[in-house]
Amino acid sequence: MTRRELLTSMSLLAGSRTARAGPRLEISAARLREQLESLSVYGRPAGGNFSNGVSRIGYSDADLAGRKYALGLVEAAHLKARIDAAGNIFVRKAGKDAALSPVLFGSHIDSVPNGGNFDGDLGSLAAIEILRVLGENGIVTRRPLEAVVWSCEEATFNGNTLNGSRAAAGKLRPGELDGISRGLTLFESMRRIGGDPARLDETQLRSGAFHAYLELHIEQGGTLDKEGTSIGIVEGIVALDHYDVVLTGMANHAGTTPMADRQDALVAAAQLTLVVRELVTEEPGRQVGTVGHLEVEPNASNVIAGRVRLSIDLRDLSTEKLQRLGEAIRARALAIAAQTKTQIVLTQTQHAETALASPEVQTVIQRAAEHLDLSYRRLPSGAVHDAQVMAAVGPMGMIFVPSEGGISHSPKELTGWEDCARGANVLLHSVLTISG
Ligand code: GLV
Ligand code: MN
Ligand code: MN
C-alpha cells in the first residue's frame, strides 16, 4: 500500500469521517467498566477483590476462563469469533466492501503473575465493545472491522513474549513450538486454547492482511498521569532482548564448606545482577535492564546453591545499543564465572524489533482526540506490545491512557474509568476514520 493510498483511505485529504457516524458516537462506559470488573475475577487471588489484581498466565486455566468470558461478550454483540492457528481470538464485523482488507484492533487478556486488571484487558474489551456499539447503532463501515485478543502476550512462557502475535505473523524461532513451560510444549499450549499450530504456515498474516492495526493500552509509565494529559499517541515501541542465563556451581554443605572452597551459583547470580545494572546505567540514554526471574537449586537454607537460572531483559529504541550491552554483559559474566569457579551460559532467546508507529495512523488518532476535545501528546512505549509485531505486517498505531502513578505489572495498576472510556472512544473514532 502506498502512503498516498493509505492517506486517501483514511480520508485525511477529505476531512474527518467521524461526523458521518454522528458527532459523539460513544462506547458504553458503564458496560466497559462492568466487563473489566467481571473479567478480573478470572485469575483473582482466592478471597481477594478487584484491587488484589490478577494472575492470568497465558494458556493456564484462568486464561481459558477469561477467554471464555470474552467469547461470551462476542456472542452478546451478535458476532462470531474465530480462533486462529495460534489460539488468537478474531471477531469480524462485515463491512460494505468485502473485498477490502479489514481494520484490525485489539490487545491481550493474559497477565503477568500478580498483575493488574488493565494491561491488555482494556484494549481487548474495548475492541469488542466498539463492534457491539457499532452494531447497536446500525453502523456498517466500508472496510470490514476485526477485533483481536492475542494469546500469551506476557513473558510467561520461558521468558518469551508476544507468543500469539508472533506465531500469527510467522515470527516464531525454529524449535520454539517445542519449548516446554508448565509441563506443556508451546504447540500443546496453543492447542489447549483451541489453536491448531500445525496450520500456522497456512494462516500466517502476511503483508496486506489488514489495512491498519490499532491497539489501545494503558501507558504503564507515568508521563500522562504526571502531566494530566488524557491521550498518548505512541510514536514507536522499544526493542527488547531477552537472555536465559544458567549458572552452574556445586551444591554443598552450608556448615562444613569453607568460604574459599565454594562454587556458589547464587553469589555468581548476585554479581551478574549488579553488573546488568552497572552496565545499563553506565552510558546516557533511556535504556533499561532487568533481572526479574531467578530459579535457585536446591533453594534450601543450609545448602550452597548449585544451580541458578535467571532472566535478563534489556530494552531500548536502538537495537545496536542492545547488542552492545548484551556483549558487554557476556564478557563480564565470563569474568564472574572465573572468579566464582562457576560456569555461566548466556543464551539469547528473544529479540523483539523496534517498531515505529505509522505517521498517518498517528495523525488519525490525533484527529480523534481533537474531535473528542481530549488533551494528547506523542510519546514512546517502553513496554513491548503485540502492536510491534503487527508493525512488520502493516501500518500500526497505539493509543495510551494514563496509568496512575505510572504503576503497572502490579495489582496496584490503575487507570480511571473515565480514562478507560476516553481511550476506547478515541479508538472508536480512529477506527471509523480509517475504515471509511
Ligand atoms: C509486556 O507487558 C512487557 O513490556 O514486558
Ligand atoms: Mn504487560
Ligand atoms: Mn500489555
Is any helix in the chain, taking whole DSSP H runs, at least 20 angstrom long along its axis by alpha carbon and on average at least 0.0 on the Kyte-Doolittle scale, and which ones? 61-76, 121-136, 265-282, 417-435
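Give me Asp373, Asp119, Asp313, Asp97 sorted ascending by neighbouring Cβ count inside 10 Å, so fewest comes first.
In increasing order of surrounding Cβ atoms, one gets Asp373, Asp97, Asp313, Asp119.
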How far, in nm, would the chain grow between Glu282 and Ile180 when pulled straight, counting 0.36 nm per residue and subtracting the alpha carbon separation? 33.1 nm
Phi-based couplings in Hz for the range 342-357 (Karplus 6.51, -1.76, 1.60; Gly and Pro marked x): 10, 10, 10, 10, 9, 10, 6, 9, 7, 9, 9, 6, 4, 10, 9, 6
Note on the chain, DSSP bridge orientation, antiparallel percent to nearest 5 equals 70
Between the alpha carbon centres of the range 193-226 and the range 232-249 the gap in Å comes to 18
Here the FRET efficiency for Arg378 versus Lys80, based on Cβ atoms and R0 = 30 Å and rounded to 0.05, is 0.25
Just how large is the dipole of the range 227-323 about the Cα centre, in debye to the nearest 20, putting +1 at every Lys and Arg Cβ and -1 at every Asp and Glu Cβ? 280
Taking the Cα centroid of the range 87-103 and of the range 359-436, what is the distance between the two, rounded to the nearest whole Å? 21
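Per the Cauchy relation, a quarter of the hull surface: what is the mean projected area of the convex hull of the alpha carbons in the chain, in nm²?
That works out to 21.6 nm², a quarter of the Cα hull's surface.
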Along the positive direction of the dipole of the chain (beta-carbon charges: Lys, Arg +1; Asp, Glu -1; about the Cα centre), which of Ile434, Leu247, Ala355 reaches farthest? Ile434
Ordered by fewest other Cβ atoms within 10 Å, a rough proxy for footprinting exposure, Cys152, Cys420 read Cys420, Cys152
Which distance in nm do the two modelled labels at Tyr69 and Arg142 give, with both placed 7 Å along the Cα-to-Cβ direction? 3.8
Going by Cα centres, the range 295-341 and the range 123-192 are how many Å apart? 31
With runs of 4+ DSSP H residues as the only contributors, calculate the mean residue ellipticity of the chain at 222 nm using -39,500 (n - 2.57) per run, divided by the residue total and rounded to the nearest 500. -10500 deg cm²/dmol
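Give the calculated FRET efficiency between Arg206 and His253 to the nearest 0.05, with a Förster radius of 41 Å applied to their Cβ-Cβ distance.
0.10
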Can you sort Arg56, Arg332 from fewest to most other Cβ atoms within 10 Å of each residue's own Cβ? Arg332, Arg56
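Any idea what the dipole of the range 344-436 comes to, in debye rounded to 20, about its Cα centre with Lys/Arg Cβ at +1 and Asp/Glu Cβ at -1?
100
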Toy charge model, Lys and Arg Cβ at +1, Asp and Glu Cβ at -1: the chain dipole around Cα centroid in debye, rounded to 20, equals 780
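Computed from the coordinates by the stated procedures, all read-outs in this text should not be read as laboratory data. Just so it is clear, the model here is predicted, and its values are computed rather than measured. When we count neighbours, we look across all protein chains shown, and the Cβ atoms used for this are built from the backbone with ideal geometry, even at glycine.
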